[in-house]
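**Q** First the structure, then my questions, so here it is.
Please treat every number below as a calculation from the coordinates, not as lab data. No experiment lies behind these values; they were computed from the predicted model shown. Every residue, glycine as well, gets a Cβ built from its backbone with ideal geometry; the counts of neighbours run over all protein chains shown.
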Amino acid sequence: MKALLLRDIRLAIRAGGGFGLGLAFFLIVVVLVPFGVGPQSELLSRIAAGTLWIGALLACLLSLDRIFALDWEDGSLDLLATAPLPMEAIAAIKALAHWLTTGLPLVLAAPILAVLLNLPAAGYGPLILSLLLGTPALSMIGTFGAALTVGLKRGGLLLSLLVLPLYVPTLIFGAEAARRGVDGFDTTTPMLMLAGITCGTIALLPFAAAAVLRVNLR
Amino acid sequence: MASLWEYANPKKFIDTTSRFIPWLFGSALICLVTGLVWGFFFTPDDFRQGSTVKIIYLHVPSALMAINAWLMMLVASLIWIVRRHHVSALAARAAAPVGVVMTLIALATGAIWGQPMWGTWWAWDPRLTSFLILFLFYLGYIALWEAIENDDTAADLTSILCLVGSVFALLSRYAVNFWNQGLHQGASLSLDKEENVHDVFYHPLLICIAGFVLLFIALVFLRTQTEIRARRMRALMARERLTA
């Protein structure tokens, strides 16, 4: 399990793995928003939390098809399927590797980009905490989506169509927690709901992803 | 002994449903004409909403069927996963476009009613939003069916998507409640309430709902038959190509 995790992380970080792409995309989305809505700082600070959440979500989405596509093409996914590791574990580890190489950097970059959007000081803590709690769910749901579309030639667009509706609850609670933090309200309820969604997806979706992978490898 | 699973045989399914389909379409037509004419022309205007209240005869049944169509797909997907009856998978596939249309009717009639009553075509109200999300789920489901060439793979993947999607659709339904307070009135009909919509509107509404249910069943039967025949034809053509 550890070997697979390390291999995935190493593949993602090294040249051609597209490690920085998600971060760069996140940066560009955040830079584009002020061009779209205007540079007034109080307007920006009002939409900062939501913009950062949507940017992180889209950056996450962009990197999803890499989770299985390369392994599928060169046949290493078939090898993994015959390995003694259960398929569920493979799915979970793939999601973990995706989170470590995409989700975590996004969380770390978010406070820096928040400066650009003039996020009020009170919002930093809740924003980072909500992203930290929410991005694992994004990776896990995305892994399921990637497993669904792995066998398709041009699955990228379909992947977004399938995964984005599944992201709705996570986005709602995550952005709500960040927004409440900005406004100085209590963030306990949305944070707990967000943590609940993350735990639920980690507990259940590896099974769905594994079932889907088995069908695709048949 | 006669069992429900006999109808998993495509031939038996087609034979039986073919006998029912004219009756289903006929009674759906009768119900809809009766309900709508009664509702539109022989019920009084609401004292606050005026004649706009009458859109309820389209809005409520279509919204109900939009959700029930997804439930039917869920059950059919489960049957496919557990017992692997092809008719079941095809029925789920056949129901999806009908469900999309029902969702669209509900959204459109709601917007048409909302414009004069709420003063806006669209509001980010929990019910409206969750219906929009349901619409997206339908789109994803149909797109996945269309994208995969192998029939069995497509049936497997879409049925799992349907299961996972149901959980997330339900989750979204309650998440949006948390996210925004609603403009939409409470349930028009429910089993455990003493008073529903006023009786004058209630009876034609029930007939309209019956009409929509019958229409849905008839359409799903017909579309499932079409899917079965299309698959049969593909198999025949493949065989011909092999022998030629």
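**Q** Using the Cβ atoms and a cut-off under 15 Å, what net charge is assigned to the surroundings of A:Ser160, where Lys and Arg are +1 and Asp and Glu are -1? Can you show the working numbers first?
**A** Values: positive: A:Arg66, A:Arg154; negative: A:Asp65.
In short, +1.
**Q** With a point put 7 Å past each Cα toward its Cβ, work out how far B:Arg83 is from B:Asn150 in nm, to one decimal.
**A** 2.5 nm
**Q** Give me the net charge for the shell around A:Ala210: Cβ to Cβ below 15 angstrom, other residues only, Lys and Arg +1, Asp and Glu -1. Display every interim value, and only then the final one.
**A** Values: positive: A:Lys94, A:Arg214, A:Arg218; negative: A:Asp71, A:Asp78, A:Glu88, B:Asp156.
Net charge in that neighbourhood comes out at -1.
**Q** Taking the Cα atoms of region A:2-217 alone, what are Rg (to one decimal) and Dmax (as a whole number) in Å?
**A** Here Rg and the maximum Cα pair distance are 17.5, 57 Å.
**Q** Can you tell me the FRET efficiency between B:Ala235 and A:Ala3 if r is taken as the Cβ-Cβ distance and R0 is 41 Å, rounded to the nearest 0.05? Spell out each step's value before the answer.
**A** Working: r = 45 Å, r/R0 = 1.09.
For B:Ala235 and A:Ala3, the calculated efficiency is 0.35.
**Q** By how many degrees, between 0 and 90 and to the nearest 10, does the Cα long axis of helix A:104-116 differ from the longest principal axis of chain A?
**A** 20 degrees
**Q** Taking every alpha carbon pair in the protein assembly as shown, what does the distance histogram look like in 10 angstrom bins from 0, in percent?
**A** Going out from 0 Å in 10 Å bins, the protein assembly as shown shows 4, 18, 25, 24, 18, 10, 3, 0 percent.
**Q** Rounded, prolate or oblate: pick one for region A:16-117, where a ≥ b ≥ c are the square roots of the eigenvalues of its C-alpha gyration tensor, a/c under 1.5 means rounded, and failing that, prolate if a/b is larger than b/c, else oblate.
**A** Values: a/c = 3.83, a/b = 2.89, b/c = 1.32.
Prolate, since a/c reaches 1.5 and a/b exceeds b/c.
**Q** What number do you get for chain B when its Cα radius of gyration is normalised by 2.2 N^0.38 Å, N = residues?
**A** Values: Rg = 20.3 Å, N = 244, 2.2 N^0.38 = 17.8 Å.
That works out to 1.14 for chain B.
**Q** If you don't mind, there's one more thing I want to ask. Per-residue mean of other chain beta-carbon atoms within 10 angstrom of the beta-carbon, peptide B:157-165?
**A** Details: counts 10, 1, 2, 9, 7, 0, 2, 13, 3.
Counting Cβ atoms of other protein chains within 10 Å of each residue's Cβ and averaging gives 5.
**Q** Here's a follow-up. For region A:2-217, with only Lys/Arg (+1) and Asp/Glu (-1) charged at the beta-carbon, what is the dipole magnitude about the Cα centre, in debye rounded to 20? Display every interim value, and only then the final one.
**A** Details: 12 positive and 11 negative charges, 45 e Å.
So the dipole magnitude of region A:2-217 works out to roughly 220 debye.
**Q** Follow-up question, since we're still on this one. Working from Cα positions, state the angle (0 to 90°, nearest 10) between the long axis of helix B:151-179 and the longest principal axis of chain B.
**A** 20 degrees
**Q** Ratio of region B:1-103's C-alpha Rg to 2.2 N^0.38 Å, to two decimals? Each step should come with its number before you reach the end.
**A** Numbers: Rg = 18.1 Å, N = 103, 2.2 N^0.38 = 12.8 Å.
Here the answer is 1.42, to two decimals.
**Q** Once the piece of chain linking A:Ile112 and A:Val37 is laid out straight, how much longer is it, given 0.36 nm per residue of separation minus the C-alpha distance between them?
**A** Values: separation 75, 0.36 × 75 = 27.00 nm, distance 2.01 nm.
The A:Ile112-A:Val37 span can extend by a further 25.0 nm.
**Q** Can you give me the angle between helix A:124-148 and the longest principal axis of chain A, using Cα atoms only, in degrees from 0 to 90, rounded to the nearest 10?
**A** Around 30 degrees separate the two axes.
**Q** Return the single residue from A:Glu176, A:Glu88, A:Glu73 with maximal mean-square fluctuation; model: Gaussian network over chain A, springs between Cα atoms under 10 Å.
**A** With Cα springs under 10 Å in chain A, the top fluctuation among A:Glu176, A:Glu88, A:Glu73 is at A:Glu73.
**Q** Calculate, for A:Ala122 and B:Thr52, the FRET efficiency according to 1/(1 + (r/R0)^6) with r their C-beta to C-beta distance and R0 35 Å; round to the nearest 0.05.
**A** Efficiency computed from Cβ-Cβ geometry: 0.20.
**Q** Count the net charge of all other residues whose Cβ sits under 12 Å from the Cβ of B:Ala8, scoring Lys and Arg as +1 and Asp and Glu as -1. Could you put the intermediate results ahead of the total?
**A** On the way: positive: B:Lys11, B:Lys12, B:Arg83, B:Arg84; negative: B:Glu6.
That works out to +3.
**Q** Next question. Taking all pairs of distinct Cα atoms, average 1/r, flip it, and tell me the Kirkwood hydrodynamic radius of region B:75-171 in Å to one decimal place.
**A** Kirkwood hydrodynamic radius for region B:75-171: 14.6 Å.
**Q** Applying 1/(1 + (r/R0)^6) with R0 = 60 Å to the Cβ-Cβ distance of B:Thr243 and B:Tyr174, what FRET efficiency is obtained, to the nearest 0.05? Don't skip to the end; give the middle numbers.
**A** Values: r = 56 Å, r/R0 = 0.94.
Once the sixth-power term is evaluated, E becomes 0.60.
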